[in-house]
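A.B. asks: Take this structure, written in structure tokens, and hold onto it; I'll ask about it next.
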Amino acid sequence: MALTGVLGFPVAHSRSPAMMNAAFAELGMDWRYVHLPIAPPRFAETARALPASGYRGANVTIPHKLAAHGLADELSPAAREIGAVNTLVFKEGGTILGDNTDAAGFLDALGSDPAGRSALVMGAGGAARAVAWALREAGAEVALWNRTAKRAAALADELGVRAVKEGEPADILVNATSVGLGGDESLRELPLGPAEVVVDLVYGGAPTALCRWAEDRGAQVVDGLEMLVRQGARSFELWTSRPAPLDAMRAALRAV
């Protein structure tokens, strides 16, 4: 049996095992995907030991994405430019490839070409970094907002996009913060404004407050589960060289 998993701390909340194991089962593959709760001091040691235990690859989530970037022996162009890794591929000979499927997965989830459109990305963490980079590379006009203005300014300067201190109308509005799971009142913390498409990277057992807000205003909504499916599909294909069964992955996530 080939093994894969998700490295994080904490990580028990992750729905990735349900999604990935459904994908393996759909294709009749003898593979398994598991939670891998690893504290930061042991991340590098554990990640390097995984191939000897039968692991073909791993996803990486909070707080390890920057550490995974430093760990990898090789980096994809996207991972190199974004500065964060969410997918490790364990290659023959012991080499570890680091990739970032958040960027391409976001564009897959978006489902339309953002070239020439305006985008406001809310947040300044790893997810916001990947999304802002992906939108910039795809030709969008990107603005970045964060509750800590200095963080937004630093990331915007690094990526070559604009930092804003207040909200502004945008064709595409992306929430890459943790705000939204706290209910409608939490939305007061975000600089919300008119948008044609609203993407919430947060997901839960029901539509988030931001998704409900967007639906009420007639916006196209892309939820965090679709983003999870799409970045996971990209990782699946890196490990297996097989097309990911998207419908089976979506169904498994909705059933959790």
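Rule-based calculations on the coordinates, nothing more; no lab input. Please read all numbers here as calculations on a predicted model, not as lab measurements. Cβ atoms come from the backbone with ideal geometry, glycine included; neighbour counts cover every protein chain shown.
A.B. asks: With only alpha-carbon atoms in the gyration tensor, what are the semi-axes of the equivalent ellipsoid for the stretch 1-103, in Å, largest first?
C.D. replies: They are 20, 15, 14 Å, listed largest first.
A.B. asks: Once the principal axes of the Cα atoms of the stretch 205-250 are found, what is the range along each, listed largest first in whole angstroms?
C.D. replies: 40, 19, 14
A.B. asks: Would you mind calculating the gained length between GLU196 and THR46 on full extension (0.36 nm times residue separation, minus the Cα-Cα distance), in nm to one decimal?
C.D. replies: Contour length minus Cα-Cα distance gives 49.6 nm.
A.B. asks: What distance in nm separates the two pseudo spin-label positions at ALA2 and LYS150, each 7 Å out from Cα along the beta-carbon direction?
C.D. replies: Label-label distance for ALA2 and LYS150, simple model: 4.6 nm.
A.B. asks: As a test of the formula, what do you get for the chain when each DSSP H run with n ≥ 4 contributes -39,500 (n - 2.57) and the sum is divided by the residue count, at 222 nm and rounded to the nearest 500 deg cm²/dmol?
C.D. replies: My calculation for the chain gives -11500 deg cm²/dmol from helical runs alone.
A.B. asks: Could you work out which residue, out of GLU215, GLU196, GLU185, moves most in a Gaussian network model of the chain, that is, has the largest mean-square fluctuation with Cα springs under 10 Å?
C.D. replies: Most flexible of the set in this elastic network: GLU185.
A.B. asks: What residue among THR240, SER76, VAL11 has its Cα farthest toward the positive end of the dipole of the chain, where the charges are +1 on Lys, Arg and -1 on Asp, Glu, each on the Cβ?
C.D. replies: Projecting each Cα onto the dipole axis, the largest value belongs to VAL11.
A.B. asks: Sorted from largest down, give the three principal axis spans of the alpha carbons of the stretch 104-222, whole angstrom values.
C.D. replies: Computed over the Cα atoms, the extents are 34, 30, 23 Å.
A.B. asks: What does the highest-first list of 156-168, 83-95 look like by mean Cβ count within 10 Å?
C.D. replies: Highest mean packing first, the order is 83-95, 156-168.
A.B. asks: If I take R0 = 30 Å and measure r between the Cβ atoms of GLU92 and SER178 in this structure, what FRET efficiency does the formula 1/(1 + (r/R0)^6) give, to the nearest 0.05?
C.D. replies: Computed FRET efficiency for GLU92 and SER178 comes out at 0.20.
A.B. asks: In addition: Using Cα positions and a limit of under 20 Å, work out the lysines in reach of LYS165, with same-chain residues fewer than 8 apart set aside.
C.D. replies: LYS150
A.B. asks: Sorted by mean Cβ packing within 10 Å, highest first, what order do the peptides 17-28, 131-142 take?
C.D. replies: Put in order of decreasing packing, that is 131-142, 17-28.
A.B. asks: Expressed as an acute angle from 0 to 90° and rounded to the nearest 10, what is the orientation of the C-alpha long axis of helix 246-255 relative to the principal long axis of the chain?
C.D. replies: 80 degrees
A.B. asks: Could you please tell me the mean projected area of the C-alpha convex hull for the chain, averaged over all directions and given in square nanometres to one decimal?
C.D. replies: Mean orientational projected area (the chain, Cα hull): 13.0 nm².
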